[in-house]
Amino acid sequence: MTRKPDPSKPKAGKARSANARRGYWLLQDAKARFSELVRKVRSEGPQHVTVHGRDEVVVIAAEEFRRLKGSATGRALIEAMQASPCREMDIDPGRAPMPVRDVAL
């Protein structure tokens, strides 16, 4: 039985291209050509690295990472609490002695 070649798949004799889809890299190509991958991140933007045909990671510039991560100041929580319509509500914290358990060490 002979099979007809699937036109959607690359030919077996053809070399795989790391940039078959612009901005997408096979893991082994990303490892072998890491310097080029970094340059592409800087010039073209985020680059996707695939494993077994699935998107696994996206490499982004450090500035973009810092922008997305934000700073851990708690400022967003403070602003949300100050914008709350219930911000004038008095909260009386309940105070009670903590139960002491007899724990054998």
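Quick note: the coordinates plus some simple rules give every number you see, no bench work behind them. Bear in mind that the values here come from a model prediction, so they are computed numbers and not experimental data. Backbone-built Cβ (ideal geometry, glycine too); neighbour counts: all protein chains shown.
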field: Residues whose placed amide H lies under 5 Å from that of Tyr24, excluding near-sequence neighbours
entry: His48
- prompt: Highest mean first, what order results for 22-28, 67-73 on Cβ atoms within 10 Å?
  reply: 22-28, 67-73
task: Find how much the distance from Ala62 to Asp90 grows on full extension, using 0.36 nm per residue of separation minus their present alpha carbon separation; answer in nm with one decimal.
output: 5.8 nm
message: At a 10 angstrom cut-off on C-beta neighbours, averaged per residue, how do the peptides 75-82, 95-102, 56-63 rank from highest to lowest?
response: 56-63, 75-82, 95-102
